[in-house]
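Here's the structure we're looking at; comments come further down.
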Amino acid sequence: MRSLVSSVLAAALALSMAGCSGPASQDADTQAAAEAGRTVTHAQGTTTVQGVPSTVIVTDWAAFDNLTALGVKVAGVPNTFVPGHLEDKVTPDMIKVGSLQEPDIEAIAAATPDLVVIGARSRKAYPTLSKIAPTIDTTLDNTDVIGGLKANLTLYGDLFDRQDRAKELIAQLDEKVANARAAAEGKGSGLVIVTNGGRLGIYGPQSRVSWMYSSLGIPSVFDEVDDREHGGDAITFEYLVKTNPDWLFVIDRDAGVGKAGAAKALLDNQLLHQAGFWKNDRVVYLDPQAAYVTMHGFDAVTLLLDQVATAYNTH
């Protein structure tokens, strides 16, 4: 009898071990991998994120823009002027976590987030925030805004299991880029300027709207420009008349940060009235908040692409 029982037990054990390579084992492996977390590579290194984050804090409006476009619920946002195109997505229950430049570390820590997303203006807070919670920096390289935006959408899609939605957004972005590029083709040179407290600056190949030149193929009128600062490379009215681009695209920095905008009044002067872009009504005022504050977000970039395409198609 003992021999028979031993044989039955041995067979049962063998069957159980054989089953370890089946679906149950695969599910266990998947669960183990989720518990171990996934390693995310970002602008300041790598971060391990456990499972699908549920409490998400952002310190950057572009990150908020991208996450909400994907349908991800955000728990905390900057306590600063909200860009107009995002106002309807910010709700009263969201935790306020400081300014874009100086996140409120205590408020973020109190929220016990599963993930903190920083970028651009808040990137210097990474060493501190990464000690509090899993933190990723999604700052983009301005020389490839469109490529970087796609990469961030893909990253978020993977993190939050929204890969299909990320692919949809990327396809929409590609379509809008193609439409704007086709509209700009053969329409002459263009120049993007920023007005700031009565001053003028150029936004070029290293700026937050560099995609207008690199992705849309709009010919520039400058040889060299250092436009890394928020005010661009300083220029004068005389420079605009001398270079005389076929199109002038304007970003009102004051309006972008919630102040009274003065770009239109500043540019309406006798000197600029001599320029071809003024005579031909080819001065385009880009959405200042999308261009200056949210500049790397999906809704921001597609809004600007639509503005550019419409301007070219109606002239």
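Couple of notes before you dig in:
- When residues of the stretch 154-168 are limited to those that are in a helix (DSSP H, G or I) and touching a Leu at 6+ places or on another chain (Cβ under 7 Å), the one farthest from R121 (Cα to Cα): R165
- Any pair with Cβ under 8 angstrom, 6 or more apart, that starts in the stretch 108-133 at a residue that is in a loop (DSSP other than H, G, I, E, B) and ends at one that is surrounded by fewer than 21 Cβ atoms within 10 Å (Cβ to Cβ) and among the hydroxyl-bearing types (S, T, Y): A111/T55; T112/T55; P113/T55; D114/S54; D114/T55; A133/T112
- Filter result for the condition that a residue is touching a Leu at 6+ places or on another chain (Cβ under 8 Å), of a type in the set (A, V, I, L, M), more than 30 Å from A166 (Cα to Cα) and not in a helix (DSSP H, G or I), over V221, V241, V225: V221
- In the stretch 119-134, of all residues being within 11 Å of T47 (Cβ to Cβ) and touching a helix residue (DSSP H, G or I) at 6+ places or on another chain (Cβ under 8 Å), the one that is surrounded by the fewest Cβ atoms within 10 Å (Cβ to Cβ) corresponds to A133.
- Only one entry of A178, A171, A151 meets the criterion of being in a helix (DSSP H, G or I), closer than 16 Å to H42 by Cβ and either modelled with pLDDT of 95 or more or not polar (S, T, N, Q) (or both), and that entry is A151.
- Among the candidates D104, D137, residue that is surrounded by 15 or more Cβ atoms within 10 Å (Cβ to Cβ), over 19 Å from G45 (Cβ atoms) and modelled with pLDDT of 95 or more: D104
- Checking R199 against (1) without any contact (Cβ under 8 Å) to a residue 40 or more places away in the chain; (2) more than 21 Å from W278 (Cα to Cα); (3) surrounded by fewer than 21 Cβ atoms within 10 Å (Cβ to Cβ), the condition it does not meet: (2)
- Residues satisfying the stated conditions in the stretch 221-264, i.e. surrounded by fewer than 13 Cβ atoms within 10 Å (Cβ to Cβ) and either β-branched (V, I, T) or over 24 Å from S99 (Cα atoms) (or both): D223, E224, D226, T236, E238, K242
- Among residues of the stretch 195-253, those that are among the aromatic types (F, W, Y), modelled with pLDDT under 95 and over 21 Å from A120 (Cβ atoms), counted: 2
- Of the residues making up the stretch 22-62, those that are modelled with pLDDT of 95 or more and assigned to a helix (DSSP H, G or I) are W61, A62.
- A count restricted to the stretch 265-315 and to residues that are buried (at least 24 other Cβ atoms within 10 Å of the Cβ), among the hydroxyl-bearing types (S, T, Y) and assigned to a loop (DSSP other than H, G, I, E, B) stands at 1.
- Set G258, G297: member being out of contact with any strand residue (DSSP E or B) (no Cβ under 8 Å at 6 or more places or on another chain), in contact (Cβ under 8 Å) with a residue 12 or more places away in the chain and at positive phi: G258
The values are calculated or read from the model by the stated rules, or taken from the named source; none is laboratory data. Bear in mind the structure is a predicted one, so any value in this text is a computation, not a measurement. Here the Cβ is made from the backbone with ideal geometry for all residues, glycine too, and neighbour counts use every protein chain on show.
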